[in-house]
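The values are calculated or read from the model by the stated rules, or taken from the named source; none is laboratory data. The structure presented is a predicted model; accordingly, all values stated were derived computationally and were not measured. Please note: Cβ atoms are built from the backbone with ideal geometry, for glycine as well, and neighbour counts cover all protein chains shown.
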Amino acid sequence: MPTMNLVPVTSGDYRRIAERKLPRALFDYIDGGAYGEVTLRRNVSDFQRLAPRQTVMRDVSGVDTSTVLAGTKVALPVALAPVGMCGMFARRAEVQAKRAADRAGIPLTLSTVSICSLEEVAAVSEIPFWFQLYMLRDRGVVTEMLERAWGVGVRTLVFTVDLAVVGERYRDTRNGIAGGANAWGRFRAGLLSYLSHPRWLVDVGIKGKPHLFGNLSNYVPAATSVLEYREWVESQFDPSVTWEDIEWLRGIWKGKLIIKGVLTPEDADSAINAGADGVVVSNHGGRQLDGVASSISALPAVAEKLVGRAEIMMDGGVRSGLDVFRARALGASGVMIGRPWAYAVAARGEAGVVKLMEAFKREMVVAMALSGATRVDDISADNIQGPV
Ligand SMILES: Cc1cc2nc3c(=O)[nH]c(=O)nc-3n(C[C@H](O)[C@H](O)[C@H](O)COP(=O)(O)O)c2cc1C
């Protein structure tokens, strides 16, 4: 008898449910990547080529997945990556994700372009979260957002550097959400698509309002729709940013500073020399420059360059606790996950993200136990047999 699929377990399960629940343009916005989506696929498939080296008959009665990530105590070496516009996928999704992250014992990274504001998310609990920043042309806005973040208890800033220009995702173009659609196209992508997803329409479309970019609404008072915000934000991305701007940022940000979006040892080195505490090896989940190396294949060289000098994280293609183990073995202190939590929150809200993180933890425990590792620090390159 085929499986009944009553209980979602994996990232893939939540993805399938999210695909049913969300209007097509929103699902594709999460699921898609740049151009031919080569890097998007490679991010996932390169993980699967890494065979763990099974090691048995060790005392693994007390496997502990907890560790410290960018100064934050975590139950497993995972942080929820910044995912923009999440509040369009589930009702006040960033708030739900914060509650889930608290329950799972991991940090949420709130995106600059989140629907819920820093203040709305901070009201959930006393537990600090991380904040992701895009450099905007108006440095006054940047400074004020950082003051707001500090004021609500954020102490880890993730500064994203791989969006000097916005990579084109053809699914967004085809669906009309990147602009260019005529009136009929906008009707199909908007109202018609919403009406054919009535549960989403009521739960998120109506009850989930306001759909503003919560962190930016003070600065773009005239914008009334997410699309108008998007246009403003994209016109604000500053393509002239260089490592000197990191030094400026370092001067005004007193907490941890993590640079997200480097793929080479040289760039990682520049980030640390500019004053950052760490990096996230990332290609933005295959959403920017299609064809670049997968993050997991780029990780070892960066780790070798920075070892002992900085926090090294990675993201892109992590779909299970086994992948977290693999990343750790190749030199990351931890990972970020993007799409998996976006699918889970879209599919089942806070409970979905909690359940997914429980599955990640169970998978990681098994990987550690059958590698003879009882502590996260025990995981090393010896635990991987090599690409197969
Ligand atoms: C729908 C979506 C929105 C994203 N928005 C942001 C963002 O606002 N800021 C950012 O730094 N990265 C953003 N990212 C990139 C993620 O933080 C992360 O790098 C990527 O999703 C990791 O790959 P994965 O989805 O395979 O886990 C976004 C990714 C997705 C899928």
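Tell me yes or no: at least one residue of the range 242-258 is within 15 Å of the ligand (Cβ to nearest atom), buried (at least 24 other Cβ atoms within 10 Å of the Cβ) and of a type outside the set (S, T, Y).
yes
Does D238 satisfy the condition of being charged (D, E, K, R), surrounded by 15 or more Cβ atoms within 10 Å (Cβ to Cβ) and in contact with a Lys or Arg (Cβ under 9 Å, 6 or more places away or on another chain)?
Values: charged (D, E, K, R): yes; surrounded by 15 or more Cβ atoms within 10 Å (Cβ to Cβ): yes; in contact with a Lys or Arg (Cβ under 9 Å, 6 or more places away or on another chain): yes.
Criteria met by D238.
Looking at (1) touching a helix residue (DSSP H, G or I) at 6+ places or on another chain (Cβ under 6 Å); (2) in a helix (DSSP H, G or I); (3) free of Cβ contacts under 8 Å to residues at least 40 places away in the same chain, can you tell me which one G185 breaks?
With (1) touching a helix residue (DSSP H, G or I) at 6+ places or on another chain (Cβ under 6 Å); (2) in a helix (DSSP H, G or I); (3) free of Cβ contacts under 8 Å to residues at least 40 places away in the same chain applied to G185, the lone miss is (1).
Checking the structure you have, find out if any residue of the range 226-239 is out of contact with any helix residue (DSSP H, G or I) (no Cβ under 9 Å at 6 or more places or on another chain), closer than 20 Å to L133 by Cα, in a loop (DSSP other than H, G, I, E, B) and at pLDDT 85 or above.
yes
Could you tell me which residue of the range 372-383 is farthest from the chain's Cα centre (by Cα), considering only residues that are crowded, with 18+ Cβ neighbours inside 10 Å and among the aliphatic types (A, V, I, L, M)?
So, considering only residues that are crowded, with 18+ Cβ neighbours inside 10 Å and among the aliphatic types (A, V, I, L, M), the one farthest from the chain's Cα centre (by Cα) is A373.
Scan the range 132-176 for residues that are touching a residue at least 60 places away in the same chain (Cβ under 8 Å), part of a loop (DSSP other than H, G, I, E, B) and away from the ligand (no atom under 16 Å from the Cβ) and jot them down.
Passing the criteria: R137, D138, R155, G176.
Of everything in the range 218-251, what is without any contact (Cβ under 8 Å) to a residue 40 or more places away in the chain and among the aliphatic types (A, V, I, L, M)? Give them in sequence order.
V220, A222, A223 - these are the residues of the range 218-251 that are without any contact (Cβ under 8 Å) to a residue 40 or more places away in the chain and among the aliphatic types (A, V, I, L, M).
So for the range 268-291 (the condition being surrounded by fewer than 18 Cβ atoms within 10 Å (Cβ to Cβ), more than 14 Å from the ligand (Cβ to nearest atom) and within 25 Å of Y170 (Cβ to Cβ)), does at least one residue qualify?
So far as the range 268-291 goes, yes, one or more of its residues are surrounded by fewer than 18 Cβ atoms within 10 Å (Cβ to Cβ), more than 14 Å from the ligand (Cβ to nearest atom) and within 25 Å of Y170 (Cβ to Cβ).
Any idea which of G317, G334 is closer than 23 Å to A18 by Cα, within 16 Å of the ligand (Cβ to nearest atom) and buried (at least 21 other Cβ atoms within 10 Å of the Cβ)?
Numbers: G334 fails: closer than 23 Å to A18 by Cα.
Going through G317, G334 in turn, the sole match is G317.
Given the residues S320, S333, which is the only one that is hydroxyl-bearing (S, T, Y), modelled with pLDDT of 95 or more and touching a helix residue (DSSP H, G or I) at 6+ places or on another chain (Cβ under 6 Å)?
Just one listed residue meets the conditions, S320.
Being of a type in the set (A, V, I, L, M) and surrounded by fewer than 23 Cβ atoms within 10 Å (Cβ to Cβ): is that true of A301 here?
Working: of a type in the set (A, V, I, L, M): yes; surrounded by fewer than 23 Cβ atoms within 10 Å (Cβ to Cβ): yes.
Yes.
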